[in-house]
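Novice: Below is the structure I would like to discuss, written out as structure tokens.
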Protein chains: 2
Amino acid sequence: MNISQAARRSGVPAKTIRYYESIDLIPEADRTASGYRVYSDKDVERLRFIHHSRRLGFSVKEVADLLALWEDRSRASADVKAVAARRVDEIDAKIAELTSIRDTLLHLMDRCHGDDRPDCPILDSLADTRGCHAAEQEDEAEETRRSA
Amino acid sequence: MNISQAARRSGVPAKTIRYYESIDLIPEADRTASGYRVYSDKDVERLRFIHHSRRLGFSVKEVADLLALWEDRSRASADVKAVAARRVDEIDAKIAELTSIRDTLLHLMDRCHGDDRPDCPILDSLADTRGCHAAEQEDEAEETRRSA
DNA sequence: TGTGAGGGTTCCAGCAACGGGAAGGTCAAG
DNA sequence: CTTGACCTTCCCGTTGCTGGAACCCTCACA
């Protein structure tokens, strides 16, 4: 099948398939006499694997690792699990960061009238030296002192 | 003061200050006779505002909007609050997405032995046509049908 | 047999938001 | 006068693609 069929069946856009080939995430595709790329069901299966992995937020590098494990019939499932565990840790950290930011914003919004008047605790806080208590601003306060 | 002092006091790296100038987020700095950039306390204040805004995850474009509001003494606090509200919505969406991915990964990890044996539900799921139930795979199933 | 639509191919540019590093000018201290 | 710590500009690399230009291929239809 040609690239657009492989794209439809795998969920990976044709352009992205070419890109994956260019960065060696997938092997070079076979070509027809006229230079068209040709894909097999096995290729589509691999693309689908990549697609799903990317949707779970694995980086392309991590996907390459997962692909290698997938194709290594003698892998240990513990190795796969470790990759997934690292990803979960990253996600947890990201969620914690976003939650902290969210709480700060909601707190500021709560204290802002949100009307026609110009005075606004949100802007005040952004402009403030101490920077809206979004944790460790110690260094900044210190720099201000040092430069005085 | 010169750029590295402004960087220390504002928390924005010197390189980033130059970058902000190049994209017109901040006005062109004055220069000494020899071409060095010169910054005032007011400039540092603005940089600090930018720094805090960026830490709350606002894009550079949004920071430009916030800066404009900050410098507009006749702004309405409702406008600022609206920008913050949009940001909160984005964060909520992102957290929901990450949480969903996290749950999927934990579910898969739960069913993986994580030992020396090669069989691994995580890889199986990534390879599966239905793609680890991470929501709306309807289109993919449909494409598979259509191409059959 | 021509022709037009709808494939395919390559390469180049660009997105966000910087960071690294090269090549070179400047400044203050010893 | 030299040394080292600044400063300047410029360009490349990052991540993961996406859009577009310019061009070639294939197939159905008149």
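Novice: So the label point goes 7 Å from the Cα of B:His113 along Cα→C-beta, right? Which residues of the stretch A:37-80 then have their backbone N under 19 Å from it?
Specialist: Counting backbone N atoms under 19 Å from the label point, the list is A:69-80.
Novice: Using only alpha-carbon positions, what ratio does the radius of gyration of the protein assembly as shown give when scaled by 2.2 N^0.38 Å? Could the numbers behind the result be given before it?
Specialist: Numbers: Rg = 25.3 Å, N = 296, 2.2 N^0.38 = 19.1 Å.
My calculation over the Cα atoms of the protein assembly as shown gives 1.32.
Novice: Related question: Once fully extended, how much extra length lies between A:Asp124 and A:Ser34, figured as 0.36 nm per residue of separation less the alpha-carbon to alpha-carbon distance? It would help to have the intermediate numbers written out before the result.
Specialist: Details: separation 90, 0.36 × 90 = 32.40 nm, distance 6.48 nm.
The span from A:Asp124 to A:Ser34 would gain 25.9 nm if fully extended.
Novice: Other chains' Cβ within 10 Å of B:76-87 residues: what's the mean?
Specialist: On the way: counts 7, 12, 7, 4, 10, 10, 2, 2, 10, 4, 0, 4.
Average neighbour count from other chains, rounded to a whole number: 6.
Novice: Also, I was wondering about something else. Using per-residue counts of other Cβ atoms within 10 Å, averaged over each peptide, order A:97-103, A:122-128 from highest down. Let's see the in-between values first.
Specialist: Numbers: A:97-103: 15.0, A:122-128: 20.3.
The packing order, highest mean first, is A:122-128, A:97-103.
Novice: How far is helix A:77-110 tilted off the main Cα axis of chain A, in degrees rounded to 10, range 0 to 90?
Specialist: Helix A:77-110 sits roughly 30 degrees off the main axis of chain A.
Novice: What angle do you read, to the nearest 10 degrees and between 0 and 90, between the alpha-carbon axis of helix B:41-55 and the longest principal axis of chain B?
Specialist: 10 degrees
Novice: Right, something else. Note the distances from B:Glu28 to each other copy's matching label point, with points 7 Å along the Cα-to-beta-carbon direction, in nm, sorted shortest first.
Specialist: 5.0
Novice: How long is the gain from B:Asp65 to B:Glu90 if the chain were fully straight, where each residue apart is worth 0.36 nm and the alpha carbon distance is subtracted?
Specialist: Working: separation 25, 0.36 × 25 = 9.00 nm, distance 1.68 nm.
Roughly 7.3 nm would be gained on extension.
Novice: Shielding of A:39-51 by partners, i.e. mean partner chain Cβ atoms within 10 Å per residue? Before the final figure, lay out the partial values.
Specialist: On the way: counts 0, 0, 0, 0, 0, 3, 3, 1, 0, 8, 6, 1, 3.
Mean partner-chain Cβ count within 10 Å for A:39-51: 2.
Novice: Modelled label-to-label distance, B:Asp41 and A:Ala78, 7 Å Cα→beta-carbon offset: nm?
Specialist: Going from the B:Asp41 label point to the A:Ala78 one covers 6.2 nm.
Novice: Summarise the partner chain shielding of B:111-121 as one whole number: the mean count of Cβ atoms from other chains within 10 Å of each residue's Cβ.
Specialist: Values: counts 0, 5, 4, 9, 4, 6, 5, 9, 2, 10, 3.
Rounded to a whole number, the mean comes out at 5.
Novice: Something else about it: Measuring from a point 7 Å out along Cα→Cβ, what nm distances, shortest first, does A:Arg117 have to its partners in the other copies?
Specialist: The answer, with the shortest distance listed first, is 6.9 nm.
Novice: Using the 7 Å Cα-to-Cβ label point, sort the distances from B:Asp92 to its equivalents in the other copies shortest first and give them in nm to one decimal.
Specialist: 2.6
Novice: Return the whole-Å distance between the Cα centroid of the stretch A:31-59 and the Cα centroid of the stretch B:12-87.
Specialist: Value for the Cα centre distance between the two parts: 44 Å.
Computed from the coordinates by the stated procedures, all read-outs in this text should not be read as laboratory data. As the structure is a computational prediction, the values presented were derived from the model and not from experiment. All Cβ positions, even for glycine, are placed from backbone atoms using ideal geometry, and neighbour counts span all protein chains on display.
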